Amino acid sequence: MTIIVGTDGTGQSMAAVEWAAAEAHRRQTLLRIVYAFDWDWRESRLEVGTDYIDLAREIAQAVVVAADDLARATAPGITVEADTLIGHAIPQLLEVARGAELLVVGNRGRGGFADLTLGSVGHRLATHAPCPVVVVRGREKPDGPVVAGLDHDSSAERVLDAAYDAASRRGDGLIVLHSFAPAVPRWLAEVRHADLPTEQERNSERARIGRLLQPWRGRFPEVPVETVLTHDTASAALVRGSHNAQLVVVGSHGHGTVTGRLLGSVGLQLLHHAHCPVLIARDRAAGKAGR
């Protein structure tokens, strides 16, 4: 299997390379670094001959060499491949991610600023990639837990599978967080609260989650687990929990032309505001990772 990481030479994308290299070491899998650059539109409009494409290729090569060096320095001994592809980053990365174990991107690319939210490329890849996606943002706490956002939808098993696996590989604990409140926009998170559940309702929900976790407790007995029930919105609670977490794991769902691949409001809020890397757990599409 392969972990794909997209880079464009920016600080955010190099942070993604560093994270992906460490993850490839944890999973003992191949890391493939990809830099896609689009030159057709500029050459056709400005008629600069081959000068621009030659310069673009040189820059692309420099970017992937720097990313390759960083990956090998971060995780000595891993197998790394580095490629440059001609074309827009989004379709190129979506194609090479087919069949990949994981796609990793930074939270912003060229033209962005570190204090702003998710860039357009990261947003599109996170919502449409054919495999699980990690958006690297904030700072990973080296001794923090993995936090899993648990919903009632069909993604719960994927979230638990990814979260338990991540916690086990890191040798740290897992916090399973479930909110009684429906999802609302982040700006309403501090003013809108669900009706407080009764003690009986809380006990019933805790028992339900305990039954849901049972198969993973058997598979990962070494992972200590804490279940947190909150009446805050899931997005507010997960963003808050991400302050001290190594990783936050949520599922993908939604409606549209790519049903089951889109994100709900909780996932989107995390991609914009989390303080640590965010893993979007989803099934891998059929096919091998592109070469």
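In terms of other Cβ atoms within 10 Å, Ser252, Ser13, Ser265 run from fewest to most in the order Ser265, Ser252, Ser13. Close amide-amide hydrogen proximity is noted between Val228 and Val176, Leu177, His178, each under 5 Å apart and 5 or more residues distant or on a separate chain (H modeled in the peptide plane; Pro and chain starts excluded).
Counting neighbouring Cβ atoms within 10 Å and putting the fewest first, the residues Leu150, Leu229, Leu177 line up as Leu229, Leu177, Leu150. Between amide H atoms placed 1.01 Å from N, distances below 5 Å from Leu30 occur with Ile3, all of them 5 or more places distant or on a separate chain. Of Arg282, Arg217, the sequence from fewest to most neighbouring Cβ atoms within 10 angstrom is Arg217, Arg282.
Quick note: the coordinates plus some simple rules give every number you see, no bench work behind them. No experiment lies behind these values; they were computed from the predicted model shown. Counting neighbours? That spans all protein chains shown, and the Cβs are built from the backbone with ideal geometry, glycine included.
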